[in-house]
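Comments concern the structure below.
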Amino acid sequence: MTGLHTFRLPATVTGSGDDIELGRRYGTHFTSMFMRCHPDRVTTRRIVGEDRLTVLSELRSGTLHS
């Protein structure tokens, strides 16, 4: 198959602290890369409009407020 790009996802989150942290880092990395590569997409505007970057930051620091 020509033109397809594959990438390896992080290990499945099993509930251990290391796996959960890996998932958070991957989520943050993916979101940052998406926003950088697609600044004009509706999803990027929604991330900014709903202050989702703060949610990611709070998840990383363990201070998420609902």
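None of the figures in this text is laboratory data; all of them are computed from the coordinates on show. Please read these numbers as outputs of a predicted model, since none were measured by experiment. Neighbour counts are summed over all protein chains in view; Cβ atoms, including those assigned to glycine, are modelled from backbone coordinates with ideal geometry.
Between Asp40 and Arg60, what FRET efficiency comes out of the Förster formula 1/(1 + (r/R0)^6) with R0 = 22 Å and r the beta carbon distance, rounded to 0.05?
Values: r = 27 Å, r/R0 = 1.21.
Here the calculated transfer efficiency is 0.25.
Tell me, what ³J(HN,Hα) does each residue in region 43-58 have, in order and in whole Hz, if you take phi through Karplus 6.51 cos²θ - 1.76 cosθ + 1.60 with θ = phi - 60° and put x for Gly and Pro?
Result, rounded to whole Hz: 5, 5, 4, 5, 4, 5, x, 9, 6, 5, 5, 5, 4, 4, 4, 5.
Does region 17-61 come out rounded, prolate or oblate by the C-alpha gyration tensor, with a ≥ b ≥ c the root eigenvalues, rounded set by a/c under 1.5 and, if not, prolate when a/b is larger than b/c and oblate if not?
On the way: a/c = 3.70, a/b = 1.77, b/c = 2.09.
Oblate shape, in that a/c is at least 1.5 and b/c is the bigger or equal ratio.
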